[in-house]
Structure formats: structure tokens, C-alpha cells
Ligand SMILES: Nc1ncnc2c1ncn2[C@@H]1O[C@H](COP(=O)(O)OP(=O)(O)OP(=O)(O)O)[C@@H](O)[C@H]1O
Ligand SMILES: Cc1cn([C@H]2C[C@H](O)[C@@H](COP(=O)(O)O)O2)c(=O)[nH]c1=O
């Protein structure tokens, strides 16, 4: 079996910035790597992504679409790659549903756990890199760079609750989470990522 690594953090935390670095670092060890994202990662998932990022909808519809995209992603991309021994990086996975639909929007943890149990009862990331920044830093980075989608337009309270839920999960699952202080420079963060990945390779 391959290894499954996920990237998490509030919008603008900087996770996407580091995906190429982590991909190259892993590939340099001679490992086959598949890099993907959620929502999305398959043709159907990308259509669902477009809907959830731009249409207003009921909270539970939003959560169900996230898990529908995930079901397809697991079936088409993640499970086949892991089964053939490849490593998979996903820009977000189920921790994002707990953080955004749970923490941010207030959906119950019990409902999210039921969806998790339904969609991937036996699959969890081997390593989750949580890029953590104060809201103001994330907001300033987003404002400087792009047109904001539905989630990125949410207010500070939403992101405070989302960030808090991410940190709560990191404390709940310390064996797989590594929290990265994403206020540091990109170069400093790369040093920290290299140390985390070296440790992860040593454990294999
Ligand atoms: N450590 C950093 N220091 C300064 N700027 C950064 C840092 N990390 C990322 N940035 C900048 O912040 C912006 C947002 O970064 P990025 O797109 O990686 O965030 P993200 O967490 O993936 O956001 P989203 O989840 O919304 O896609 C980019 O312009 C990026 O260059
Ligand atoms: C998987 C997943 C994602 N989201 C939200 C989080 C982000 O705002 C967007 C994805 O955009 P990104 O810039 O590519 O990170 O979707 C969510 O609310 N719930 C989820 O399960």
C-alpha cells in the first residue's frame, strides 16, 4: 500500500503554495506520486466543485456534495493509487468537512462522522499537514491575490470557528497531524516540511 498525505488549513493559509515542494521532495525518494485536490480530483468532482464553490445551498446539501465528490475521488483516484503502491497527496480531505461544514457552518459532528463512516470507513490519511495562520494573515494574502469564491467571502467568525475546529482535530489525532506555523517565510516552512517528511520516511 502507498501512503496518503493531506494538506489542510483555512483559505489563504498557504497550503497550495507548498504542494509542489512536497511533491518534489517525495518524488526525489523514487516514489510514484499522485497529486490531487478536494472538492474535485475527478471530472465529476470538478463539476461538483464548481457548484459548491459558487452556488448558495443548504448546509447539508453542501456537506453531501463534498462527500459525493470524495466518494468519486476515492473510487477513481485515491484507492487505485494506494493499492498499486503509489503515494497520494490531496489538497484537502475529510478534515475540511469537519472544519468548514462542522466548525464554520455548525453541522453536527455526529452527522459528519456518519458520512465519514459511510464514504471511507477504512481510509484515513497517514499524514495531515495543517497550515495554521491567524485570520488576518490569511485574509490579507487572499485579498492581495484573487477574486474570492463563496467560502473565501465568509466573515471572520466563520474562519475563527473553522480554524478552531482544525486545531481541535489536530489535538484529537496527534499521530497523523503536524501543525505548521504558516506565518513563517516560505523558506522556513520548507525547512519544517523537509524535517517532517524525513521523519515520516524514517517511520516507514
Ligand atoms: N509563508 C508565506 N508567506 C507569505 N506569503 C505566502 C506564504 N504562503 C503563501 N503565501 C501567499 O499567500 C497566497 C495564498 O496562498 P495559497 O494559495 O497557497 O493559500 P491556500 O491555503 O492554498 O488557499 P486556498 O485554500 O484558498 O486555495 C499566495 O499568494 C501565496 O503566494
Ligand atoms: C474538501 C472541502 C473543501 N471545502 C472548502 C474549503 C475551501 O474554501 C474550498 C476549496 O477551495 P481550495 O482553495 O481549493 O482549498 O472548499 C469545504 O468546505 N469542505 C470540504 O470538505
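All of the numbers you see were taken from the coordinates with simple rules; none came from a lab. Quick caveat: nothing in here was measured; it's all calculated off a predicted structure. FYI the Cβ positions are ideal-geometry reconstructions off the backbone, even for glycines, and counts take in every protein chain you see.
Things to note:
- Rel. contact order, % - alpha carbon contacts under 8 angstrom, at least six apart, the chain: 32 percent
- Rounded, prolate or oblate (a/c below 1.5 giving rounded, otherwise prolate when a/b exceeds b/c) for the stretch 79-133 by Cα gyration tensor: oblate
- If the convex hull is drawn through the Cα atoms of the stretch 1-94, its volume per residue in Å³: 92 Å³
- With the highest mean first, a sort of the peptides 45-54, 83-92 on other beta-carbon atoms found within 10 angstrom per residue produces 83-92, 45-54.
- The ranking of 107, 66, 57, 1 from fewest to most other beta carbons within 10 Å of each one's beta carbon is 1, 57, 107, 66.
- Where N is the number of residues in the stretch 69-169, Cα Rg divided by 2.2 N^0.38 Å: 1.20
- Proxy reagent accessibility, fewest Cβ within 10 Å first, across 35, 16, 182: 16, 35, 182
- Centre-to-centre separation between the Cα atoms of the stretch 1-36 and those of the stretch 123-201: 13 Å.
- Residues 18, 73, ranked from the fewest to the most other C-beta atoms within 10 Å, line up as 18, 73.
- Overall dimensions of the chain as given by Cα atoms, namely Rg and Dmax in Å: 16.1, 45
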